Amino acid sequence: MKVEQQMVGMMGVCCYILSCGNTAKAAIVDPGGDEERIIGRVEDLGLDVQYIIATHGHPDHVCGNRKIKEATGAAIVMHEADDDFFSQSQVKNYFSMLGMEPSPPTDLRVRDGDLVTFGDVSLKVIHTPGHTPGGMCLYRAPDLITGDTLFVGGIGRTDFPGGSHRELIESIQQKLLVLPPDTVVWPGHGYGGRRSTIAEERRSNMFIR
């Protein structure tokens, strides 16, 4: 699997273009703005985008979903718990204050252990609640897309509706830190750095040691 990271949008989201080198099938993870640049890059690479995957439902990570979907015809993927949570009217009203476009309806609801496959690449869904109820990471060794669950030297905030610090720490300790030490951590924002490894986070991340 080829991994290309782009910093996008006013919130500095790490968007990922994931592609299969054999088939040119691809997925875009968390297109949180700068949609024209993302689309242009996909076109330059000659990729056929199958999925738009949301690591979680916060507006800064899904605000580009509509434009990317219109340009590519790709299916929007979200964990079922976040699809349910962010469909609630009171939750929509709360996050509308950020002034970002919400995602169109989800096309494919996933849960822990599911595979999202494009070409010869299969991403394993790892449900990591805490930042949001349906936050998830995407794993294909050696790469782990962590969204806002785990940053380089940090963790996601839990003070928004649906957040739980206890659940977040349990998710990281029980589901992420057990992965091989050389697993590459690709975070949802560049706080502290744009990439790391599980070994480095085990050693130096003060929030989870």
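Here, each number is a calculation from the coordinates, and none is a lab measurement. Fair warning: this is a prediction, and the values are worked out from it, not measured in the lab. Cβ placement follows ideal geometry from the backbone for every residue including glycine, while neighbour counts extend to all protein chains displayed.
Helix content alone sets the calculated 222 nm mean residue ellipticity of the chain: runs of n ≥ 4 DSSP H residues at -39500 (n - 2.57) each, divided across all residues, give -6000 deg cm²/dmol.
Other residues whose C-beta falls under 10 angstrom from the C-beta of Asp30 contribute a net charge of -2, scoring Lys and Arg +1 and Asp and Glu -1.
Any chance you could check the Cα centroid distance between the stretch 31-79 and the stretch 167-209 for me, in angstrom? After rounding, the separation between the Cα centres reads 25 Å.
Under 5 Å between amide hydrogens, built in the peptide plane, is the criterion, and for Gly130 it picks out Gly135, Ser164 among residues at least 5 positions away or on other chains. Which of Met97, Met136, Met11 ends up with the largest GNM mean-square fluctuation for the chain, with Cα atoms connected below 10 Å? Answer for the Gaussian network model of the chain: Met97. For the chain, lysine pairs with C-alpha atoms less than 25 angstrom apart, excluding pairs fewer than eight positions apart on the same chain, total 12.
Tell me which label goes with the value of P(r) over Cα pairs in 10 Å bins from 0, in percent computed from the coordinates here: [x] 9, 35, 38, 16, 2, 0; [y] 9, 36, 38, 13, 4, 1, 0; [z] 9, 39, 39, 13, 0. Computed from these coordinates, P(r) over Cα pairs in 10 Å bins from 0, in percent corresponds to label [z].
Other residues lying with their Cβ under 12 Å from the Cβ of Glu43 contribute a combined charge of -1, Lys and Arg counting +1, Asp and Glu -1.
For Arg109 and Ala199, calculate 0.36 nm times their separation in residues minus their Cα-Cα distance, and state this gained length in nm to one decimal.
Contour length minus the Cα-Cα distance gives 29.3 nm.
Modelled label positions at Lys67 and Phe160, each set 7 Å beyond Cα in the direction of Cβ, lie 2.0 nm from each other. Think of the stretch 2-204 as having a plus end and a minus end, set by charges on the Cβ of Lys, Arg, Asp and Glu; of Ile198, Trp186, Asn65, Ile198 sits farthest toward the positive end of this dipole. Over the chain, with a Gaussian network built from C-alpha contacts below 10 Å, which listed residue (Gly57, Gly188, Gly21) shows the highest mean-square fluctuation? Ranking Gly57, Gly188, Gly21 by mean-square fluctuation puts Gly21 first.
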